[in-house]
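Trainee: Please see the structure below; I have some questions.
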Amino acid sequence: MVPIHGHLRAHGQAFLWGYGHYLIFSSAAAIGAGLEVAVEHAVGKTHISTLSASAALTLPTALYLLAVWALHSRYFKVGVAQQLVLPVAALLVICCTFLGDWAVLATGLVCSGAVAVGVMLSARVVSRERAARATAAAG
């Protein structure tokens, strides 16, 4: 858990951070609804286009990724690579909308890849910090 209190000193920041979570929670709920639409479309029970069914999942997912980045990740990620993981993932998820029947799978793969890259980049930063501390303690 990363403390956010240091970034919430002004009322405007605290207001945006607090109410911004409505965007996170509502987009997460919309992802669930989008999954339902995708399943119903896959079994032929809906009368909407594949693009619409795909967008029902991919657009809320992209919104979720951007909202999490805006409210949390951008304060604590170090370096350009870490900062770009979620926005790039959101862009790729939006591109997945146009993959037809493969959109749901591709969206899942993009999100899984974003988690893997984020963990790898964070681990790299931690290992560099440990190495720097060991060097400072030895030297």
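The values are calculated or read from the model by the stated rules, or taken from the named source; none is laboratory data. The structure presented is a predicted model; accordingly, all values stated were derived computationally and were not measured. Don't worry about glycine lacking a Cβ; one is built from the backbone with ideal geometry, like all the others, and counts go over all protein chains shown. Please note that ligands, DNA and RNA were not included when accessible areas were found on the heavy atoms of the full protein model with its side chains. Shrake-Rupley method; radii C 1.70, N 1.55, O 1.52, S 1.80 Å.
Trainee: Using the crude model of +1 on Lys and Arg Cβ and -1 on Asp and Glu Cβ, and no other charge, please compute the dipole size for the range 15-139 relative to its Cα centre, in debye to 20. Walk me through the intermediate numbers first.
Mentor: Values: 7 positive and 4 negative charges, 129 e Å.
With Lys and Arg at +1 and Asp and Glu at -1, about 620 debye.
Trainee: Of the peptides 83-90, 112-119, how do they stack up when ordered by the mean number of other Cβ atoms within 10 Å, highest first?
Mentor: Highest to lowest by the protection proxy: 83-90, 112-119.
Trainee: Using only Cα atoms and rounding to the nearest 10 degrees, what angle (0 to 90) does helix 11-42 make with the longest principal axis of the chain?
Mentor: 40
Trainee: Would you calculate the separation in nanometres between label points at Val39 and Leu23, each defined as 7 Å from the Cα along the Cα-to-beta-carbon direction?
Mentor: 2.9
Trainee: Given the chain, what whole percent of its Cα pairs are spread farther than 24 Å?
Mentor: Values: 4243 of 9591 pairs.
Here the long-distance tail beyond 24 Å is 44 percent of all Cα pairs in the chain.
Trainee: Per 0.36 nm of contour for each residue apart, how much would the distance between Leu99 and Arg124 grow if the chain were fully extended, relative to their Cα-Cα spacing?
Mentor: 5.7 nm
Trainee: Of the heavy-atom accessible surface of the chain (probe 1.4 angstrom), what whole percent is carbon and sulfur?
Mentor: It is 71 percent, rounded to a whole number.
Trainee: Then there is this: What does the helix-only formula give at 222 nm for the chain: each DSSP H stretch with n ≥ 4 adding -39500 (n - 2.57), the total divided by the residues, and the result rounded to the nearest 500 deg cm²/dmol? Each step should come with its number before you reach the end.
Mentor: Details: 4 runs with 105 residues, N = 139.
The helix contribution divided over the chain gives -27000 deg cm²/dmol.
Trainee: To the nearest 10 degrees, how steep is helix 50-68 against the longest Cα principal axis of the chain, on a 0 to 90 scale?
Mentor: Helix 50-68 sits at roughly 20 degrees to that axis.
Trainee: In percent, what relative contact order does the chain have, based on Cα pairs under 8 Å that are 6 or more apart in sequence?
Mentor: 21
Trainee: Let me ask something additional. Using the heavy atoms of the protein chains and a 1.4 angstrom probe, tell me the accessible area per residue for the chain in square angstrom.
Mentor: I get 64 Å² per residue for the chain.
Trainee: Take every Cα pair under 8 Å in the range 72-139 that's 6+ residues apart, average their separations, divide by the length, and report that relative contact order as a whole percent.
Mentor: About 29 percent, as a whole number.
Trainee: Grab the Cα-Cα distance for Arg133 and Tyr75, subtract it from 0.36 nm times how many residues apart they are, and report the gain in nm with one decimal.
Mentor: Gain on stretching Arg133 to Tyr75: 18.5 nm.
Trainee: How many angstrom separate the Cα center of the range 54-100 from the Cα center of the range 122-139?
Mentor: Their Cα centres are 30 Å away from one another.
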